[in-house]
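Below: one structure, written as structure tokens.
None of the figures in this text is laboratory data; all of them are computed from the coordinates on show. Predicted, not measured: the structure shown is a model, and the values here were computed from it. Quick reminder, even Gly has a Cβ in these numbers, built from the backbone with ideal geometry, and neighbours come from all protein chains shown.
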Amino acid sequence: MKLVSYKTEEQEHLGVFVDGHIYNLNSCDKQLPDDMNSFLKDSEVLMERAMKIDRQIKNGEIEPKEEAFYEVIAPVPHPTSCRDGYAFRQHVAAARRNRKLDMIAEFDQYPIFYFTNHNAIQGPGEITCMPDHFQKLDFELEVAVVIGKKGRNITAAEADQYIAGYMIMNDMSARTLQMEEMLLNLGPAKGKDFSTVIGPWLVTPDELEAYKVAAKPGHTGTNYNLEMTCTVNGKQVSAGNMADMDWTFAEIIERCAYGVDILPGDVIGSGTVGTGCLLELNGTGLLNNPDYPVQWLQQGDIVEMEITGLGILSNIIRKADTDFSILNLKK
């Protein structure tokens, strides 16, 4: 099932996406709420009701209300929190190699994550950035999960049961801001907190069953053979696979939930897939060729991320009409 959040006349709704059309769930079953957050809070009960509606639509058993005029927004428009992991060894190793650093041994000992701004979540469409963001503006190609039930001190062996669904994530990054502030060994903060993009819909685990693969040796949890690509203005720049995750979402969730509650509506990203950002691509290019043409995102760029089974997340980069700069405020 593909769950989608959308707007009609500025009001948010919850629907299912079937064969290119969006159908409002609440209009099909009045016991289903009309927003994603309410649905996730009681998803252990409501998920099966929604899946029944999804099956009936696909089988032609009911004639649901199809939305004619709508704007697709982030599947989880108001997450309870947003964390981002560091699961792909290939990306970490390449980024460190490009800075002439050895691979950090701690990567293979435990998964890590950071909190980002859950109030800066966006979906498909325009992303408006400030002038300082365009100082090395970057995308990051990732997968994300959404938590579907409350838990604490969850083991990796049971953590997959807490995942309500999967979606594409683009962890937007302003690299100049990020690099400056992280010299102080704190962050990332302003380099990351302006936009995290998720979408286009939330795909329930049953839809990905055919792509399921074993975790890497020594790891616990489910993984999936899902091709991951990113294009900028129609040109492919990134290619990877979710199966390359070294740390599984189950292991990341185990760490997230240690001594604290994870909640329905929490979003957790995988971290960047290998080749999945311009920072890595530029660094690798310059390492091999000092004349490599460095690329960063610009006003008007179209960024499209596609992951097998999860759809296509498309965004257009826009520049805010202002010259306000925090980089210019440095003492």
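The figures follow:
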{"read-out": "Pairwise label distance in nanometres, His21 with Arg99, each label 7 Å out on the Cα-Cβ vector", "value": "5.1"}
{"read-out": "Order of Ile262, Ile62 - criterion: other Cβ atoms within 10 Å of each residue's Cβ, fewest first", "value": "Ile62, Ile262"}
{"read-out": "Within the chain, percent of DSSP bridges classed antiparallel, to nearest 5", "value": "85"}
{"read-out": "Charged-residue dipole, Cβ positions (Lys, Arg, Asp, Glu), region 81-323 about Cα centre, Debye nearest 20", "value": "320"}
{"read-out": "Summed side-chain charge close to Phe107 - residues other than Phe107 whose Cβ falls under 12 Å, Lys, Arg +1, Asp, Glu -1", "value": "-2"}
{"read-out": "Residues Arg318, Arg152, Arg255, Arg83, sorted so that the one with the fewest Cβ neighbours within 10 Å comes first", "value": "Arg152, Arg318, Arg255, Arg83"}
{"read-out": "Dipole of region 1-137, positive direction: furthest Cα of Leu32, Thr116, Ile22, with charges on the beta-carbon", "value": "Thr116"}
{"read-out": "Computed magnitude of the charge dipole of region 2-72 (debye, nearest 20; Cβ of K, R +1, Cβ of D, E -1)", "value": "260"}
{"read-out": "Cα centre as origin, Lys/Arg/Asp/Glu Cβ charges: region 180-331 dipole, Debye", "value": "420"}
{"read-out": "Spin-label model distance (nm) - Val294 vs Gln236, 7 Å beyond Cα toward Cβ", "value": "2.7"}
{"read-out": "Computed lengthening from Leu327 to Tyr110, 0.36 nm per intervening residue step minus Cα-Cα distance", "value": "74.7 nm"}
{"read-out": "Residue order, fewest to most beta carbons within 10 Å, for Val76, Val197", "value": "Val197, Val76"}
